[in-house]
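Each remark here refers to the structure printed beneath this line.
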Amino acid sequence: MESRKDAITAASRQKFDICVIGGGATGAGCALDGQLRGLRTILLDAGDFASAASSASTKLVHGGVRYLEQAVKSLNLGEYRMVKSALRERQYMLANAPHLAHPSHFLVPVYSWSKALYYLVGMKMYDAVAGKSNLFPSSFLSRDETLRRMPGLNSKGLRGAVAYSDGQFDDARYDLALVETFVEAGGTALNYARVAGFEYDKQGKLLAAVVRDGVSAGEFVVGARKFVNATGTGADKVRALANPQLASRMRPSKGVHLLFPAGTFPGKDALLVPHTEDGRVIFAVPWQQRLLVGTTDDELTPATRMVVEKQEADYLLRQLNPYLQTPLRREQAVSGLAGLRPLVAAKGETTTSKLIRDHEVELDSTSGLISILGGKWTTHRLMAQDTIDAVQREMGSRVSASLTRQQPLAGAEGYGQNFASELQREYALPADVARHLSGKFGSRALRMLPWLRENPAWQARVSSGAPAIEAELVYAIRFEMAETIEDLLARRTGVEMYGWREALAAAPVAGELLAREKGWSPAKKADAVSEYTAKLRGFLRELELSEG
Ligand SMILES: Cc1cc2nc3c(=O)[nH]c(=O)nc-3n(C[C@H](O)[C@H](O)[C@H](O)COP(=O)(O)OP(=O)(O)OC[C@H]3O[C@@H](n4cnc5c(N)ncnc54)[C@H](O)[C@@H]3O)c2cc1C
């Protein structure tokens, strides 16, 4: 990616066709789609790319078995169509970045024959809705087979499990790969660039965005023919900036996850807990040497805090533990995630868990702002396609074909199934490090690993337990617009998800490399380390976890 300075110079000098506001899944998808159609596009995010909902998901590339159940029970055609199109999108998402997304088996344990039949029929319907894009046919597994694949399952009264397939992915890295692919296609991307206002033409249409640079604290103006608001839960604020008359549309809901060591629930398959006390489902998914457990669904209120709270952790364990041979305890958690779903309000619905995860492209005819609202990660490509179609219509030009269905993302080129073992052999890496680099960077790992020959010190792990090494931090600072310790340890390398304690240990290393690469003063480095570690200590305190 180009440097921040180059991007700001490019941003303020030229007029773009499209200015996409928001660099989560939706905005990054819109930017890539626009640029590939030949429209000069700029992507701006107020924080880091993927720093909001797009790195806090359950990391499922799915149609949603629960949404299909809801669609059937309430004969809701809209919800059925949403599941169908998400299942179609699932195959594109998996194919375009095989280093970041892969098919997985999910098991629904059953403790009565009537439930076995109910879930098997449901999953067969899920297969049928997926049609040609189905990953593996669903099936019933005997009790013995179920316990062989999931030895940690509560065996008392167990009849077996219904197995079905869906995808899993690395959400933060997928977002970064979209941004990188966009930049390589000629686009301009800038993180820490908040749209704080607009300039208008004589007809009251948007002419330029006033942008605050969070790094230099400066301000610049970006001119564009069309402005796309892809700010997730921030959409109402940007809509109000463009046109204060617009009524609010968003109904955000908070969801949290906990991560545990993988050994606490061994096996390769994901567990779906089919019924929670509030009538939802939760997942326990093996994810990058951890077990990811989630999620909750609570409407945003003024009292909502963006941390995993003790009672949320206890809720998750209360739903999961009846299915486990050995119950998990909160003290075993190694980290967690909290995020806000950008749900769109619908008439008559009372609970956020019942709101359809569909999307809507909204045009404000007064200002010309085009907002893309709602949706989910799995449908980001389709959302982007619909949005850029609308942009072209509003420009009065021909709607050209979207080129993103078969668009390999950065890191996918030259990536194959044996890539991790090839890296391990070629660069004499420990197996977990090779797997980690291959899974996070795909073939882009080949851009940093030759550095180890000159700089063997960069092969050091950033903290003793985690598989991330110093070279990838340097790479992320130089080529992936990482500006802060959190950018490095949360989204670029995933150390923060691997463990808050590992991230605490890695913070000084990340601070030192940032200081060296960016010429920070010792005081700036010390401030950055203490700010980040204070945040992590807050997370640990919240769940009454020790630092050691
Ligand atoms: C707990 C949870 C679990 C989920 N699980 C799944 C799942 O398993 N599978 C799935 O498909 N989906 C899942 N989702 C949904 C999915 O994560 C979201 O739909 C998706 O990430 C939304 O992306 P987005 O780009 O619209 O929003 P966001 O990721 O929130 O991005 C919006 C961006 O806009 C930026 N922004 C805001 N205001 C401004 C401004 N003024 N100027 C510039 N930038 C601005 C923000 O900094 C932010 O980065 C889940 C969501 C949550 C919360």
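Before moving on, here are some points about what is shown:
- Straight-line reach from Lys524: taking Cα to Cα under 13 Å and skipping same-chain neighbours fewer than 8 places apart, the aspartates and glutamates in range are Glu483, Glu512.
- Karplus-derived 3J(HN,Hα), 6.51/-1.76/1.60, for each residue of the stretch 400-408, Hz, glycine and proline x: 8, 6, 6, 10, 8, 4, 10, 10, x
- For Ile469, nonlocal amide neighbours, meaning residues 5 or more places apart or on other chains whose placed amide H falls under 5 Å from its own, are Val462.
- For Asp48, the residues whose amide H sits under 5 Å from its own are Tyr192, ignoring neighbours fewer than 5 places away on the same chain, with H placed 1.01 Å from N.
- Accessible area of Val195 in the full protein assembly, 1.4 Å probe (Å², nearest 10): 10
- Take the chain with all the other protein chains still there, run a 1.4 Å probe, and you get 40 Å² of accessible area per residue.
- Accessible surface of the chain, 1.4 Å probe: 52 percent of it comes from carbon and sulfur atoms.
- Where only DSSP H runs of four or more residues are counted, the chain gives -11500 deg cm²/dmol as its mean residue ellipticity at 222 nm, each run worth -39500 (n - 2.57).
- Pair Ala128, Ala303: separation of 7 Å Cα→Cβ label points (nm): 4.5
- Summing +1 for each Lys or Arg and -1 for each Asp or Glu among the other residues whose beta-carbon sits under 14 angstrom from that of Arg143 gives +3.
- The charge dipole of the chain, taken about its Cα centre with unit charges on the Cβ atoms of Lys, Arg (+1), Asp and Glu (-1) only, comes to about 840 debye.
- Taking θ as phi - 60° and the Karplus parameters 6.51, -1.76 and 1.60, the scalar couplings of the stretch 93-104 work out to 4, 5, 6, 6, 8, x, 6, 10, 9, 8, x, 9 Hz in sequence order, x denoting glycine and proline.
- Using a simple spin-label model with pseudo-atoms 7 Å out from Cα toward Cβ, Ala457 and Lys156 lie 5.7 nm apart.
- Projecting label points 7 angstrom from Cα along Cα→Cβ for Glu219 and Glu544 puts them 4.8 nm apart.
- Projecting the Cα atoms of Met306, Ala196, Phe227 onto the dipole axis of the stretch 195-347, where Lys and Arg carry +1 and Asp and Glu carry -1 at the beta carbon, places Phe227 farthest toward the positive end.
- Taking all Cα pairs closer than 8 Å and separated by 6 or more residues, the relative contact order of the chain comes to 18 percent.
- The lysine pair tally for the stretch 1-143, using Cα distances under 28 Å and a gap of 8 or more places or different chains, is 16.
- Simple Cβ-charge dipole of the stretch 119-178, Lys/Arg +1 and Asp/Glu -1, about Cα centre, in debye nearest 20: 380
- Per-residue Karplus couplings for the stretch 315-322, computed as 6.51 cos²θ - 1.76 cosθ + 1.60 with θ equal to phi - 60°, are listed in order as 4, 4, 5, 5, 6, 7, 4, x Hz, Gly and Pro entered as x.
The values are calculated or read from the model by the stated rules, or taken from the named source; none is laboratory data. Here the structure is a predicted model, which is why all the values come from computation and not from measurement. Neighbour counts run over all protein chains shown; Cβ positions are idealised from the backbone, glycine included. Heads up: the accessible areas ignore ligands, DNA and RNA and are worked out on the full protein's heavy atoms, side chains in. Shrake-Rupley method; radii C 1.70, N 1.55, O 1.52, S 1.80 Å.
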